[in-house]
Amino acid sequence: MTWEIVSGLIVIAGFLISAGAIVVKAAQVIADLKAAVVMLIEQLKDSKADREKLHDKLEDHEKRINTIEIKIDNDPNN
């Protein structure tokens, strides 16, 4: 083997190691992003449930206010 072949093999090995390191880091980032998306989806589901509870409370309050307004409108003392 000549020095050119040895240096070529070293360059190729270095390139493969560098490319492998990039691929491994990218795979780790993708795994972290997947976990973050799953957590975000769960938080959105919880948020939706909380919004539905708030809407139910608002509807209840709206009904109560309407009932009071009707009683006031129908009160002959006003």
When you look at Met1, is it out of contact with any helix residue (DSSP H, G or I) (no Cβ under 8 Å at 6 or more places or on another chain) and either surrounded by 10 or more Cβ atoms within 10 Å (Cβ to Cβ) or modelled with pLDDT of 90 or more (or both), yes or no? no
For region 28-47, the count of residues that are at pLDDT below 95 and polar (S, T, N, Q) equals 2
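Condition check: outside any helix (DSSP H, G or I) and either surrounded by 10 or more Cβ atoms within 10 Å (Cβ to Cβ) or hydrophobic (A, V, I, L, M, F, W, C) (or both). Does Met39 satisfy that? Quick ask: steps written out before the conclusion?
Details: outside any helix (DSSP H, G or I): no; either surrounded by 10 or more Cβ atoms within 10 Å (Cβ to Cβ) or hydrophobic (A, V, I, L, M, F, W, C) (or both): yes.
So Met39 does not fit the description; no.
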Taking the condition over 26 Å from the mean Cα position of the chain (by Cα), without any contact (Cβ under 8 Å) to a residue 12 or more places away in the chain and surrounded by fewer than 10 Cβ atoms within 10 Å (Cβ to Cβ), does Asn66 pass? no
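The values are calculated or read from the model by the stated rules, or taken from the named source; none is laboratory data. Predicted model, so just to flag it, every value in this text is computed and none were measured. Heads up, the Cβs are rebuilt from the backbone with ideal geometry, glycines too, and the neighbour counts pull from every protein chain shown.
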